[in-house]
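Scroll down for the structure; my scribbles are underneath it.
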Amino acid sequence: MEQHHAVVVGAGVGGLTAAVALHRGGWRVTVLERAADLAPVGAGIGLAPNAQRALDVIGLGDRVRALAAWQGDGGMRAPDGRWLARTNAKAAAERFGGPLVLLHRATLVDILTSALPDGAVRTGAAATLVDPGDDHRPARLATPGGEIEAALVVAADGIRSVTRHALFPGHPGPRYAGCTTWRVVVPAPERPFAPHETWGAGRLWGTQPLKDGRVYAYAMASAPAGGRAPDDEKAELLRLFGDWHHPVPEILAAADPAQVLRHDVHHLPDPLPAFHRGRVALLGDAAHAMMPSLGQGGNQAIEDAVVLAHHVGPAAGTHDIGPAAGLHDIGPDVGAHRTAPAPDFVPSRALAAYTADRLPRTTAIVRKAARTGAVTLLAARPAVALRATLVSAVSRFGPGLVLRGFDGIADWRPPVAPARSA
């Protein structure tokens, strides 16, 4: 076994972030992706200040912040266009220490892969865990090219994680959340609009600008599992949202039916007993899939990645002292770049610390996302009316009360100092 070879299973946002963080710590990293290419499944992703600060640790936070497009007002609306609650970009940035950044997933994947060495990512390479290993023997993975040994395996293989099932076969796994989502990216409408999320009876719509001038729109509705439109998903969205306020009809008119993505929502309401076993660490949806109602799924995967790299530590003999190290920036002499001995990697100790850091936080966010989703999808008219009244009443006290629901989430800070921007 090569002492500091890490294998990442899955090239999504969390897996790629972990690969970059470990690479910056001197590990040799191999990313195995089952799909034939890295074309992202998805449309937009919102990165809150907590994820941006995590990306600061690997020198990429400023590249993401440069893509912030939300300026001015925004908030929550009713389907007829009434504003139920208003906030603004400045208030959010002041409260949480940074802007909310909406960007296309393909853009984020490009940013992350640009920070990895050529050849680190292998597509068309499905991997199956053979042995999780322990402190005295390596983990082993079966791949189409043969078996691989690794000092560390990062399982970022999504909500249907085969690795999670291998580690914890008695866990009940993902559960249908009772709703489905749609996502689409379209050119911006001619008439201006304020970014918003609109809550109806058992339905939700959001419209957010992207830096490149396009618009990311998303929708959610209560629905039986496995449902599909009898014609196409654009037609389904027109039936559900076609009479809602501006810019919803214009967004739908501009949508290409072939580009409308629909996915049922599954989550992991039953927490895992741990996020590790042997030399294997789970992260992202493989560890704690959540409803999208807080917009934190990808953000928490990014947090996982930098916290995991922090606890794993740098590869022996490659510890770079100074701001470029990112993961372990020590000493007062900023700008110094010299190697120092790193402690040996002891999986049982390092990965137990990772679980201790991440399991309580993500469990709480999974549960909060489920509660928020239940409120969002209220369908009975009296309950919907009461919800609108309460939201409107709270918003009268200013945008701070609307934003308070993200206290303890968006204001999170990583356990390590930021690196210089890459």
Would you please classify the overall shape of the range 67-143 from the alpha carbon gyration tensor, given that a ≥ b ≥ c denote the square roots of the eigenvalues, rounded means a/c under 1.5, and beyond that prolate means a/b larger than b/c while oblate covers the rest?
prolate
Pop out the ³J(HN,Hα) list for the range 217-227 in order, Karplus 6.51 cos²θ - 1.76 cosθ + 1.60 with θ = phi - 60°, rounded to Hz; leave Gly and Pro as x.
10, 9, 9, 9, 8, 5, 6, x, 5, x, x
Near Lys234, which lysines are there with a Cα under 29 Å away, not counting those fewer than 8 places off in the same chain?
Lys211
Using only alpha carbon pairs under 8 Å that are at least six residues apart, calculate the relative contact order of the chain and give it in whole percent.
24 percent
By the C-alpha gyration tensor axes a ≥ b ≥ c (rounded if a/c is under 1.5, else prolate when a/b exceeds b/c, else oblate), the shape of the range 116-188 is oblate
Can you give the charge dipole size of the chain about its Cα centre, rounded to the nearest 20 debye, using +1 on the beta carbon of Lys and Arg and -1 on the beta carbon of Asp and Glu?
1100 debye
Could you tell me which label, among [x] 41; [y] 20; [z] 28, carries the value of percent of Cα pairs over 35 Å apart calculated for this structure?
[z]
Averaged per residue, what accessible surface does the chain expose to a 1.4 Å probe, in Å²?
41 Å²
Given Val121, Pro132, Ala380, which one lies farthest toward the positive end of the charge dipole of the chain, if we put +1 on the Cβ of every Lys and Arg and -1 on the Cβ of every Asp and Glu?
Ala380
I'd like the Karplus ³J(HN,Hα) series for the range 185-202: coefficients 6.51, -1.76, 1.60, θ = phi - 60°, whole numbers in Hz, and an x wherever there's a Gly or Pro.
10, 9, x, 5, x, 5, 7, x, 8, 8, x, 7, 10, 10, 10, x, 8, x
Using a Gaussian network for the chain with springs between C-alpha atoms less than 10 Å apart, which of these wobbles most: Ala51, Ala177, Ala286?
Ala177
Counting only residues 5 or more apart in sequence or on a different chain, those whose built amide H sits under 5 Å from that of Val8 are Thr30, Val31, Leu32, Val154
Restricted to the chain, the DSSP antiparallel beta bridge percent, nearest 5, is 75 percent
Given H placed 1.01 Å from N in the peptide plane, which residues other than close sequence neighbours of Asp264 have an amide H under 5 Å from its amide H?
Thr181
For the chain, what does the helix formula give at 222 nm: sum of -39500 (n - 2.57) over DSSP H segments with n ≥ 4, over the residue count, nearest 500 deg cm²/dmol?
-9500 deg cm²/dmol
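The values are calculated or read from the model by the stated rules, or taken from the named source; none is laboratory data. Predicted, not measured: the structure shown is a model, and the values here were computed from it. Virtual Cβ from ideal backbone geometry, glycine too; neighbours counted across all protein chains shown. What goes into the accessible areas is simple: the full protein's heavy atoms, side chains included, and nothing from ligands, DNA or RNA. Shrake-Rupley method; radii C 1.70, N 1.55, O 1.52, S 1.80 Å.
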